[in-house]
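**Student:** Here it is, the structure, as structure tokens.
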Amino acid sequence: MALGRALLCAAVALTFATFAPSANAVPTTFTFVSGHAVITASAGATLIVSDVVDLDGSFVDFDTSPVEITDFVFSIGTSAPISMLTPYGGYDTFVIESALLTPGTGFSSSGLFVGGTEYSVTMGPIDVDAEYSASDSTLTNPPASNIPISFTNPNLNATVDANLVTFEMVGITLGVIPALPGETSPLVVKGDITFVGIIPEPTTGLLVGMGLFGLGLGRKRSLRKSFSHC
């Protein structure tokens, strides 16, 4: 009899563990509301491009237990023509045609709560696939159209303000353009990205999941009441 009761209590304990919520929170998905990227392009110590372009949407999955960004996609659409501060390789106008930022192979992140509603997150690697165009107002050089550039950022620091749902990532290398004829340094294109998101309304699937979780809690209470003497 004692052995039977012990086995029954073990089964009840296993049932409680099955229905108990995970210690880690489920990452929250923030969908795009607005955002921008401060774009710079430098050849050595010379600043060639400095402008602000709009982000073009996407999302961030953010968790506070533990603090991490588990997934994200950032996209930059076609920018307006950007006048170069100084010509580079004979070109004086620069256009970002597109840029897509996604987690690279082996992506991971870790973060810390730094006070208020702010978190600091280190993350990487981050892959960037982009295209640019350039033109020469003197028509000396042929137009450069939809030239692909890509780069993998091994590590990056992000700041997350969970109250404003704002994510800021500074110093992302969008790509490196090999030195054009007449230049001695490659053109390094960087972006400081600010993403503003919002938590979408609960979907039917989420509501169903909450209902099933409620049923699990009810079952757990019932089992606890029945075997409180274990």
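**Student:** Evaluate segment 113-124: report whether one residue or more is in contact (Cβ under 8 Å) with a residue 24 or more places away in the chain, surrounded by fewer than 19 Cβ atoms within 10 Å (Cβ to Cβ) and closer than 25 Å to Leu180 by Cβ.
**Tutor:** no
**Student:** Give the residues of segment 34-57 that are at positive phi and crowded, with 18+ Cβ neighbours inside 10 Å, sorted by residue number.
**Tutor:** Listed by number, the list holds a single entry, Gly35.
**Student:** Can you tell me which residues in segment 59-69 are surrounded by 18 or more Cβ atoms within 10 Å (Cβ to Cβ) and either outside any strand (DSSP E or B) or under 11 Å from the mean Cα position of the chain (by Cα) (or both)?
**Tutor:** Residues satisfying the conditions are Val60, Phe62, Glu68, Ile69.
**Student:** Right, something else. For segment 105-121: of the residues being within 16 Å of the chain's Cα centre (by Cα) and of a type in the set (Val, Ile, Thr), which is farthest from Thr152 (Cα to Cα)?
**Tutor:** Residue satisfying both the conditions and the ranking: Val121.
**Student:** Still on this structure, please answer the following. Within segment 145-179, how many residues are among the small types (Gly, Ala, Ser) and under 22 Å from Val52 (Cβ atoms)? If you could, list the steps in order and put the result at the bottom.
**Tutor:** Let us first name the residues in segment 145-179 that are among the small types (Gly, Ala, Ser), namely 145, 150, 158, 162, 171, 175, 179.
Filter once more, keeping what is under 22 Å from Val52 (Cβ atoms): 158, 171, 175.
The number of residues fulfilling the criteria is 3.
**Student:** Can I ask one more? Can you give me the ranges of the strands (runs of 3 or more DSSP E) entirely in segment 142-202 with at least 1 residues that are more than 14 Å from the chain's Cα centre (by Cα) and farther than 26 Å from Asp71 by Cβ?
**Tutor:** 144-153, 166-177, 187-198
**Student:** Right, here's the next one. Tyr132 passes all but one of (1) under 30 Å from Thr64 (Cβ atoms); (2) of a type in the set (Phe, Trp, Tyr); (3) crowded, with 17+ Cβ neighbours inside 10 Å; which number fails?
**Tutor:** (1)
**Student:** Could you identify the single residue in Thr93, Thr64, Thr159, Thr102 that is farther than 19 Å from Val189 by Cα and at pLDDT 95 or above? Full working, then the answer.
**Tutor:** Values: Thr93 fails: farther than 19 Å from Val189 by Cα; Thr64 fails: at pLDDT 95 or above; Thr102 fails: farther than 19 Å from Val189 by Cα.
The unique qualifying residue is Thr159.
**Student:** List every residue pair whose Cβ atoms sit under 7 Å apart, with the two residues 6 or more apart in sequence or on different chains, where the first one lies in segment 29-50 and is under 12 Å from Lys190 (Cα atoms) and the second, anywhere, is at pLDDT 95 or above and among the acidic types (Asp, Glu).
**Tutor:** From residues that are under 12 Å from Lys190 (Cα atoms), the pairs are Ala37/Asp192; Val38/Asp192; Ile39/Asp51; Ala43/Glu183.
**Student:** Out of Phe94, Phe107, report the one residue that is out of contact with any helix residue (DSSP H, G or I) (no Cβ under 7 Å at 6 or more places or on another chain), surrounded by 16 or more Cβ atoms within 10 Å (Cβ to Cβ) and without any contact (Cβ under 8 Å) to a residue 24 or more places away in the chain.
**Tutor:** Phe107
**Student:** Follow-up. Could you look through segment 141-178, keep only residues that are small (Gly, Ala, Ser) and under 30 Å from Gly116 (Cβ atoms), and pick out the one that is surrounded by the most Cβ atoms within 10 Å (Cβ to Cβ)?
**Tutor:** If we take residues in segment 141-178 being small (Gly, Ala, Ser) and under 30 Å from Gly116 (Cβ atoms), then Ala158 is surrounded by the most Cβ atoms within 10 Å (Cβ to Cβ).
**Student:** If you don't mind, there's one more thing I want to ask. Tell me, please, whether a residue that is touching a Pro at 6+ places or on another chain (Cβ under 9 Å) and more than 26 Å from Pro178 (Cβ to Cβ) can be found in segment 76-98.
**Tutor:** No.
The values are calculated or read from the model by the stated rules, or taken from the named source; none is laboratory data. This one's a predicted model, so the numbers in the text were calculated from it and none came from an experiment. Cβ coordinates were reconstructed from backbone atoms using ideal geometry, including for glycine residues, and neighbour counts include every protein chain displayed.
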